[in-house]
Amino acid sequence: MTRHLALVVDDEPDIRELLELTLSRMNVDTRSAENLSRARALLVEQTFDLCLTDMRLPDGNGIELVAHIQARYPRMPVAVITAHGNMESAISALKAGAYDFVSKPVDLQMLRRLVSTALKLADGPTVDGADAAIRLLGVSDAIQKTRATIEKLARSQTPVYISGESGAGKELAARLIHDQGPRSDKPFIPVNCGAIPEHLMESEFFGHRKGSFTGAVTDKQGLFQAAHEGTLFLDEIADLPLHMQVKLLRAIQEKAVRPVGSQNEVAIDVRILSATHKILDTLVQDGAFRQDLFYRINVIELHVPSLRERIDDIPVLAQYILNRLAGQADGPPAMLSREATNALLAYSFPGNVRELENILERAVTLCENHRITAADLQLPSVREVFGMRTDGELALDPFLSSMEKETLLEALKKTRYNKTAAAKLLGISFGALRYRLKKLGLD
């Protein structure tokens, strides 16, 4: 068995001894430091697999050490020991790059789980970057940046809020964070918060005991318990009613849940990932979403770009989907005509990748001789795209094109007509900007 080496940083000898003893029983060797300067010196002398540091040190604080390690040893997980109930410090540490936190008095069982999970990072991820690129397809700058961010987020236990439009791939991003991290061999439990009836929510999340309410004929495990030591993905979290938001916040902060009808809490070790297509900031301002829960789940935000933000990826995605459909039908893949490809590139895709999949599945059924034409796609705006309007039709595309022209011109003016800077300002790739300029006659 490979022995690991951990750095323990705490100015209290008793705490250091407790941590060293706990780690030694896990076959982990330790070196100790009583302050920040000694810790920095030891980091130069040896290579560590893990660091445990107290938040308050005589010559600084744990967040400074987290930042130091992030800058110089970014692949080393750092866990911060915080005062009980001081969630503000814990969240500050997570934002600085800490792997996780543990509160005083230290729960040794929780500490052992944290250490075991963190040390798995030394063995590398189960899913490598190449596999992630296959599962989150694309060549655009936007999607490459997203994949790189996912790889980094996978190495921590920080709660991540995944934003993006419906159909953009938020659950796929969450699954990749799980699969590339140290919890990959444990459960990944996705749950659509909007699909659970309100009167069953507490039982679904936290479980219940037999006889706790009418219909509870047996004990039932909740979603938190099912995801123990793994990842719980709360999709459409904005749909949770306020009373459940309170209970969810408590479960996340206390790392424990109380099943309905039980007097005792059950400790849980779960990484929380959440997502919604709604704008949470606005819901917080309107009082529809609790600010303290938003603060807790939104330690780091990952934005999954819409298909409009990565237009360069449409041909790659389309080919992948057509190949997959052909495999399911056990036949040759359908091919897109040039006109069909142009129609896809010009379409706005309000439903994103999910809509692209539906459009192509329908087109494969309608096309002749495995060749998809623009008409086979049945896009809502295909007539306008190819100038086939009939008199009297309500034309939405010219209005949208006018708005798009104004937006592009404004971005170009602000960047003094630097196309690279304009693309960055708009949040799209240079290729996407160039295509749109050409399409609108602005090139």
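The values are calculated or read from the model by the stated rules, or taken from the named source; none is laboratory data. All figures in this text were calculated on a predicted structure; none of them were measured in a lab. With ideal geometry, Cβ positions are generated from the backbone for all residues, glycine too; neighbour counts draw on all protein chains shown. When the accessible area is computed, the model is the full protein with side chains, heavy atoms only, and any ligands, DNA or RNA have been set aside. Shrake-Rupley method; radii C 1.70, N 1.55, O 1.52, S 1.80 Å.
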The correct count of residues that are among the β-branched types (Val, Ile, Thr), under 25 Å from PRO182 (Cα atoms) and not in a loop (DSSP other than H, G, I, E, B) in the range 228-275 is 6
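The rows are residues; the columns are (1) of a type outside the set (A, V, I, L, M, F, W, C); (2) under 20 Å from HIS4 (Cα atoms).
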site: SER37; (1), (2): yes, no
site: PHE48; (1), (2): no, yes
site: CYS51; (1), (2): no, yes
site: ALA67; (1), (2): no, no
Residues of the range 137-164 being closer than 18 Å to MET76 by Cα and part of a helix (DSSP H, G or I), in sequence order, are ALA148, THR149, ILE150, GLU151, LYS152, LEU153
If you go through LEU50, LEU19, LEU23, the only one that is within 25 Å of the chain's Cα centre (by Cα) and not polar (S, T, N, Q) is LEU50
The residue that is nearest to GLU151 (Cα to Cα), considering only those in the range 184-227 that are among the acidic types (Asp, Glu) and part of a helix (DSSP H, G or I), is GLU204
Going through (1) farther than 16 Å from GLY164 by Cβ; (2) open to solvent by less than 80 Å² (accessible area, probe 1.4 Å); (3) touching a strand residue (DSSP E or B) at 6+ places or on another chain (Cβ under 6 Å); (4) not hydroxyl-bearing (Ser, Thr, Tyr) one by one, ASN298 fails only at (1)
Scanning the range 154-164 for residues that are surrounded by 21 or more Cβ atoms within 10 Å (Cβ to Cβ) and not polar (S, T, N, Q), the one modelled with the lowest pLDDT turns out to be ALA154
Kindly indicate whether any position in the range 383-391 is modelled with pLDDT of 65 or more and part of a helix (DSSP H, G or I). no
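Here's a check for you: in the range 46-66, which residue that is buried (at least 17 other Cβ atoms within 10 Å of the Cβ) and among the acidic types (Asp, Glu) is farthest from THR117 (Cα to Cα)?
So in the range 46-66, the residues buried (at least 17 other Cβ atoms within 10 Å of the Cβ) come out as 48-55, 57, 61-63, 65-66.
Checking which are among the acidic types (Asp, Glu) leaves us with 49, 54.
On the way: ASP49: 12, ASP54: 19 Å.
Ranking the candidates gives ASP54 first.
Identify all residues within the range 78-100 that are open to solvent by less than 10 Å² (accessible area, probe 1.4 Å) and not in a loop (DSSP other than H, G, I, E, B); write none if there are none. Walk me through how you get there before you give the answer.
Here is the first cut: in the range 78-100, the ones open to solvent by less than 10 Å² (accessible area, probe 1.4 Å) are 78-82, 90-91, 93-94, 98-99.
Result: VAL78, ALA79, VAL80, ILE81, THR82, ALA90, ILE91, ALA93, LEU94.
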Within the range 278-310, the residues that are assigned to a loop (DSSP other than H, G, I, E, B) and over 27 Å from LYS186 (Cα atoms) are LYS278, ILE279, ASP286, GLY287, ALA288, PHE289, ARG290, PRO305, SER306
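Does the range 266-274 contain at least one residue that is small (Gly, Ala, Ser), under 15 Å from GLU236 (Cα atoms) and either surrounded by 20 or more Cβ atoms within 10 Å (Cβ to Cβ) or out of contact with any strand residue (DSSP E or B) (no Cβ under 8 Å at 6 or more places or on another chain) (or both)?
Keep residues of the range 266-274 that are small (Gly, Ala, Ser), which gives 267, 274.
So of that shortlist, the ones also under 15 Å from GLU236 (Cα atoms) come out as 274.
Checking the rest, the ones that are also either surrounded by 20 or more Cβ atoms within 10 Å (Cβ to Cβ) or out of contact with any strand residue (DSSP E or B) (no Cβ under 8 Å at 6 or more places or on another chain) (or both) come to 274.
Yes, there is a match, as at least one residue in the range 266-274 is small (Gly, Ala, Ser), under 15 Å from GLU236 (Cα atoms) and either surrounded by 20 or more Cβ atoms within 10 Å (Cβ to Cβ) or out of contact with any strand residue (DSSP E or B) (no Cβ under 8 Å at 6 or more places or on another chain) (or both).
Quick grid of which residues meet (1) closer than 18 Å to PHE101 by Cβ; (2) outside any strand (DSSP E or B); (3) open to solvent by less than 80 Å² (accessible area, probe 1.4 Å):
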residue	(1), (2), (3)
LEU5	no, no, yes
ILE15	yes, yes, yes
LEU23	yes, yes, yes
ARG31	no, no, yes
ALA39	yes, yes, yes
VAL44	no, yes, no
Conditions (1) touching a Gly at 6+ places or on another chain (Cβ under 6 Å); (2) open to solvent by 80 Å² or more (accessible area, probe 1.4 Å) -> MET335 fails only (1)
Being modelled with pLDDT of 90 or more, open to solvent by less than 70 Å² (accessible area, probe 1.4 Å) and out of contact with any Pro (no Cβ under 9 Å at 6 or more places or on another chain) narrows ALA423, ALA375, ALA318 down to just ALA318
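Which one of ILE237, ILE189 is in contact with a helix residue (DSSP H, G or I) (Cβ under 6 Å, 6 or more places away or on another chain) and touching a residue at least 60 places away in the same chain (Cβ under 8 Å)? Give the derivation first.
Values: ILE189 fails: touching a residue at least 60 places away in the same chain (Cβ under 8 Å).
Only one candidate qualifies: ILE237.
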Restricting the range 356-372 to residues that are in contact with a Leu (Cβ under 8 Å, 6 or more places away or on another chain) and open to solvent by less than 50 Å² (accessible area, probe 1.4 Å), the one nearest to THR341 (Cα to Cα) turns out to be ILE372
